[in-house]
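Trainee: Please find one structure pasted underneath; my questions will follow.
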Amino acid sequence: MIIVAGHLIVDPQQRDSYLAGCVNVVEHARRAPGCLDFSITADLVDAGRIVIIERWESPAAVAAFRGTGPGEQSAAILAASVAEYDVSDVRSLT
């Protein structure tokens with residue numbers, strides 16, 4: 001399993017419009033082969049921070065979804081810290 005996790009920083013006044021522009025991306029990702037979960041959400045404490053969390057079956061599934069990379073919204077990103085993690089074992093907490 002691959003987990004992609006991290007955050008983006010955008011202008012706090014632009015965050016809502018940035019997230020609104022992500023709706024289609026999230027819908028598309030969740031229908032993509034190999035996607036287990038995909039979420040782009042507002043941080044509850046920092047008005048300019050957007051949290052990214054994705055789970056994929058394999059590196060190939062991530063690569064197929066990513067294609068050519070970020071779209072037009074990338075211009076709104078002031079900073080980013082997002083990493084990909086290769087997970088070999090999973091333990092349920094529920």
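The values are calculated or read from the model by the stated rules, or taken from the named source; none is laboratory data. These figures come from a predicted structure and were not determined experimentally. All Cβ positions, even for glycine, are placed from backbone atoms using ideal geometry, and neighbour counts span all protein chains on display.
Trainee: Check Asn24 against each of (1) surrounded by 14 or more Cβ atoms within 10 Å (Cβ to Cβ); (2) within 15 Å of the chain's Cα centre (by Cα) and name the one condition it does not meet.
Mentor: Among (1) surrounded by 14 or more Cβ atoms within 10 Å (Cβ to Cβ); (2) within 15 Å of the chain's Cα centre (by Cα), Asn24 violates only (1).
The rows are residues; the columns are (1) exposed (fewer than 10 other Cβ atoms within 10 Å of the Cβ); (2) of a type in the set (A, V, I, L, M, F, W, C); (3) over 21 Å from Leu19 (Cβ atoms); (4) without any contact (Cβ under 8 Å) to a residue 60 or more places away in the chain.
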| site | (1), (2), (3), (4) |
| --- | --- |
| Ala32 | no, yes, no, yes |
| Thr41 | no, no, no, yes |
| Glu57 | no, no, yes, yes |
| Val62 | no, yes, yes, no |
| Ala79 | no, yes, no, no |
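Trainee: If you check every pair at least six apart or on different chains, which have Cβ atoms under 8 Å apart with a residue in region 1-27 that is closer than 30 Å to Ser88 by Cβ and part of a helix (DSSP H, G or I) first and a residue that is aliphatic (A, V, I, L, M) and modelled with pLDDT of 95 or more second?
Mentor: Going by the 8 Å Cβ cut-off, the qualifying pairs are Val25/Ile40; Val26/Ile40.
Trainee: While we're here: Looking only at region 71-86, decide whether some residue is modelled with pLDDT under 90, in a helix (DSSP H, G or I), aliphatic (A, V, I, L, M) and touching a helix residue (DSSP H, G or I) at 6+ places or on another chain (Cβ under 8 Å).
Mentor: For region 71-86, residues modelled with pLDDT under 90, in a helix (DSSP H, G or I), aliphatic (A, V, I, L, M) and touching a helix residue (DSSP H, G or I) at 6+ places or on another chain (Cβ under 8 Å): present.
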